[in-house]
Each structure stands twice: as C-alpha cells, then as structure tokens.
Amino acid sequence: MHEIIQYISSYLTSDKTPGAAGNMFWVLVYIMLVFAGLSVAVIAMNWLERKILAHMQVRLGPMRVGPHGLLQPIADAIKLLLKEDIVPSEADGFVFWMAPLIVVLAAFTVFVVVPFGPTHAITDMNIGILFMLGVSSLSVLGIVMAGWASNSHYPLMGALRSSAQMVSYEIAMGLAVVSAVMMTSLNASGTGTLSMIGIVQAQQAQGMWFIFKFFPLGLIAFFIFAVAMVAETNRAPFDLAEAESELTAGFHTEYSGFRWSLFFLAEYSAMIAVSSIAVTLWLGGWLRPFPNFLNGAPWDQAFCFIPGITFLFLAAMCFYNTMRMPKHPLFRVQTIGLAGFGVVLGLIGLVLFVPAVSVRVQDIFWFSTKVAGFMYVYIWFRGTFPRYRFDQLMQLGWKVLLPMGLGVLILTATVGLWPLIQQTIWHP
Amino acid sequence: MLIGGILVITRKNPVHSALALIVALLAQASIYLMLYAPFVAGVQIILYAGGIMVLFLFVIMLVNVERSMKERQFNSQWVVGIIAATALGGLFIAVYTKGNNIFPNHALRMTTGEAPNTQGVAIMLYGQYMFAFEIASLLLLVAIIGAVVMAKKRI
C-alpha cells in the first residue's frame, strides 16, 4: 500500500507527459480521464446550450426533468438509445455504418495532444498542431460518406455543401495557425515549434499571450481563426447545411437514435477541440491571466484561490435557487436534488482550497475556463446572428478571410523579422 | 497498405474504391512515421486524405455511378499488363539493392531521428532546393488559373 502511494506521488511530480515518458499505464489512465471529461463536457454543453439560448430568448428552457432541467441531457440520452434504428432500404450498408464512426473517431483522436498543463497532455508530439489540423480534416470524409450513403437528395446536397464549407474554411484556419506558429520563433535560437506544449511555453517565455503580440496582428489572426472555427464545425451562423428549415437536417437526416447521437457527440467534441487550438495558440493555454504584469509569489497565491472560489460561487447560486423553488409538495424531490447538487459543488470547492490539490489543478482549471468561455461564445453566436446563405458563406471564406489571412501572415513575418531586415538593409 | 491497394482495384463500387484509397494513404502516412518523418506524415494526412480524397469523393458522387457499375468488367490486355508490372518490379528491386551509388551523397539511406524533421525539411526546401520549390509553386498557380478559366461563366 505504501509503495502504491509512493509510486503515484512520485509520478505526479514528474516533468514529462506520459507519452514522452513511455509509461503505458499512465497513458491509459490519462486517456480514460480525458474521455470521461470530454463526455461530461458534451453532456453539460447540451444542457447549457438549451438553457443559455432560452435565457437569451427571454424564456426558461427545460425546467421539468430535474431541478432547472439539470437531468434533461440524461433523458435525451435515454430517448436516443431507445429509438428505433432505421436504415434506408437502398442505402449502402457498410458506408452508412462507417460514416458516424469516422466522424467520432476523428473528433476524439484530436484530444491526444491537447495540453491541459505543461505535463498534463496524453502525449506531446513535436508536430502537435499539424496532427490536430490533419485529423480534424478527416471528419469531412465522414460527412461526405454519411450524405452519400443515405441515398436521398437532401442528405447528399447537405453533405456536399457542408464539406465544401469545411474545406474552404480549413484554408483560412491554416493561415491563421501558421501566423501564430511563426510568433513562436521569436526566441534566441530563432527556431519555432509545432508542438502544442512548446507553443504555450513560447508564450510564457515571451511574456505575452499571442493575441496581444504585434498589436493588432495577433488580434486579427485570432479573429480569423475564431470565424473559421465556427464555420468549420458547421455551427450557427454557418449552419445552412444542417438547419431544420433549409435542408431538413442535412447530412444526418436519415440517421436516427444512437447513430445520430454519435454525430451530435462528434460535433460538440470538434467544437471543444478547435476551441482548445484557439486557446493554446492565442490565449496562453494553461497560463493564468497576467503572468508577467502581476508576477511574484503573492499574486500567484491570490490566483491559486480562484478555482475554489468559482466552485463555491456556483454552490451559492445553487443554494439561492433552492430557496426560490416553489413550496409545493410536488417540488420536494427537485428541491432536495438541487440542494444536494449545491452541496457537491461546495465540497469540490472546499477540496480545491487544499494547497496540495490546488497547485496541481491550476493549469487544468485555467485551460478549462478559457475553453468554457469559448463554448459560451459559440452559444452566444447561435442566439444572436442570422444564418448565412450558402453563397454568402463561400464568398466570406474565399474572398474575405483568405486575403485577410495572407495579409496577416505577411505582416507578421515582416514585423517579426524586422531587426534582421533592418540589419540587412542598413548595414549590408 | 497492400490490402488497401488491392481493394482499390477490385471493388465494383467506386465509392468503396475511394475509401480503400483513403486507407492506403493513411497507411502511407504511418510508413512515413516509421521512417522518422513526422512532418511529412502530418502533411500527407492533411493534404491527401483530407483534401484530395474529398475532391475525389465529390466527383464520384456527382457522376452517375449506377450505369458504370452495371457495365461488364473486362481485362483483355493482361499480357501487356504482366509485362509492364514485371518491368516496374524489376526496376524497383534494382534500385533498392544497388541504389546507393546512383543517388548523390548516399541519399537512399535512412536519416537518423536526431534533427527534428520539420526543421530539416524547411532547411532543405528553402535552401538547397529553393529553385525547385519556386517552380512547383508556379505549376500550382498555373493549375489554379487553368481551373478558374475553364470553369468560369464569363469575364
């Protein structure tokens, strides 16, 4: 028993990711943790999307199933599992079966390199960002296959439109990513890095998040990536391919029950994946806000309290809403449920105050908070903007974002190499 | 990769052939990984499997495939096929066994895993082979302009 504790604690203070250390057991543990965390995040996203959209539209959203609709995602999951699995009669069986599989595999494999902390990634490839872009472009294939295998007009048109849109915006995404990767090479040895952990460490070494670097170039590159990532994941306002009123749900029209939930799972995972890319490249990954401006031990200590305070605040909101519940005997179970949920959140908050835990959880907490902020912005876009027509969408991708991306790339390269250019021009 | 390649040429349904080609290309990417070239593997996945195969699938799906699936398959030129395949196979074996003296600087030997592959490719591409790089990008530009000219409606 003592050896097991010693083995675990000796591992937790290592300075390499499990993949780099070659330790298969910890790699599997991390994979399980990331998979579980991702599933919980997708379920929470389902609930959050319906509630936040409802509140933006001045209505309440799901309130019946659990207290304030908290168990609604579980009800949805049970419904999807119990639905009849329909396969169209003329559909190509093998391709119909493979399409959701490919989309889900592509969306989940991306998380192998996502850096939750300097050693908290499953592995750290030195082509990390290239791997993420490549594997997420494999989901386009799954969508094309899904549309074709359904053997009907609406899914085929929806799939072709959707994949044309995804391929067009991948170009703008790639240009924005390259201009951020170029900023990692502004160090003493002049070599940049493509590894995700290396990019965040470059931001730490240069003392500035890349979104603020060479103002406004970092900001414009971030903006291009933000627009392109919303278009890449087929989310509003770029969701013509799967909107209900347009193409009767597009490429996943003929999928029902569990197969549809696989597409849905893959869509939310892809959203979280591209948000992780944006957070790593521009928003400083796991670094806390103001890493250099407010540096020093007292500020580090103050920021250490923020995870615990966040969970205690959420618990306080739960208790406040418990008191506002209607005092009717039919609501007794819901009131007790909400109070229990508040107690659980409060306990998590108290655990996060313990110094041994909070030091290790810091990086993961800041990364998750930034990605959660992106998720809120996704839902905000959905509730605010009207849908783009398909030709307006393609025009935006090719005629606006692509030239902007090229311009940002050239300007970033020029400004980054300015000392060298100066030297060459004036002291030949 | 072999299975993928064999499935490409034996399937009747062109979409199944395209999927088998995707499998073969992904296997090619893993072969690049085994040769200590992760950058080339990543770029292979992005460009080939994620870009070019999507274009293949677009064209296959927009063309009426049922008529071509009902046509009778024929291979009446199998003699010429066997001669060509044997000649190509002999060429590959000759280069593999005696190839070290053909290429300059013994370039046929495997690189070590020391320098990161991205840096190595970048230094070679923008240093020694800069001219070839510029000519290749000019070729791509000509292809793009040709596609636009052929597909436009009017000026």
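The values are calculated or read from the model by the stated rules, or taken from the named source; none is laboratory data. As the structure is a prediction and not an experimental result, all values here were calculated from the model. Note: ideal-geometry Cβ built from the backbone for every residue, glycine included; neighbour counts use all protein chains shown.
In table form, for the structure just shown:
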| item | result |
| --- | --- |
| Output for region B:3-30, where each listed residue is farther than 21 Å from A:Ile102 by Cα and assigned to a helix (DSSP H, G or I) | B:Ile6, B:Ile9, B:Thr10 |
| Filter result (at pLDDT below 80, under 17 Å from B:Thr10 (Cα atoms) and either under 24 Å from the mean Cα position of the chain (by Cα) or surrounded by 10 or more Cβ atoms within 10 Å (Cβ to Cβ) (or both)) within region B:64-107 | B:Val65, B:Ser68, B:Met69 |
| Residue within region A:351-373 that is aliphatic (A, V, I, L, M) and modelled with pLDDT of 90 or more present | yes |
| Criterion violated by A:Ala77 - all others in (1) without any contact (Cβ under 8 Å) to a residue 40 or more places away in the chain; (2) away from chain B (no Cβ under 14 Å); (3) assigned to a helix (DSSP H, G or I) satisfied | (1) |
| Filtered residue count, region A:205-223, keeping only those that are closer than 24 Å to A:Pro118 by Cβ, touching a residue at least 60 places away in the same chain (Cβ under 8 Å) and not aliphatic (A, V, I, L, M) | 5 |
| Answer from A:Val371, A:Val377, A:Val415, A:Val359 - the residue that is over 24 Å from the mean Cα position of the chain (by Cα) and part of a helix (DSSP H, G or I) | A:Val415 |
| Sole exception among (1) part of a helix (DSSP H, G or I); (2) more than 18 Å from the chain's Cα centre (by Cα); (3) in contact (Cβ under 8 Å) with a residue 60 or more places away in the chain for A:Val230, by number | (2) |
| Some residue of region A:299-308 being loosely packed, with under 12 Cβ neighbours inside 10 Å, among the hydrophobic types (A, V, I, L, M, F, W, C) and more than 16 Å from A:Arg360 (Cα to Cα) | no |
| Count of residues meeting criterion [surrounded by fewer than 15 Cβ atoms within 10 Å (Cβ to Cβ) and either acidic (Asp, Glu) or part of a helix (DSSP H, G or I) (or both)] in region A:384-406 | 9 |
| Output for region A:45-70, where each listed residue is without any contact (Cβ under 8 Å) to a residue 12 or more places away in the chain and closer than 17 Å to A:Gly337 by Cα | A:Met63, A:Arg64, A:Val65 |
| Yes/no for A:Ala164 being part of a helix (DSSP H, G or I) and more than 17 Å from A:Phe263 (Cβ to Cβ) | yes |
| Some residue of region B:32-39 being free of Cβ contacts under 8 Å to residues at least 12 places away in the same chain and within 11 Å of chain A (Cβ to nearest Cβ) | yes |
| Scope region A:136-149; condition within 7 Å of another protein chain (Cβ to nearest Cβ) and either not in a helix (DSSP H, G or I) or not polar (S, T, N, Q) (or both); matching residues | A:Leu138, A:Val140, A:Leu141, A:Val144, A:Trp148 |
| Selection within region A:300-342 - under 30 Å from A:Leu217 (Cα atoms) and either at pLDDT below 80 or of a type in the set (D, E, K, R) (or both) | A:Asp300 |
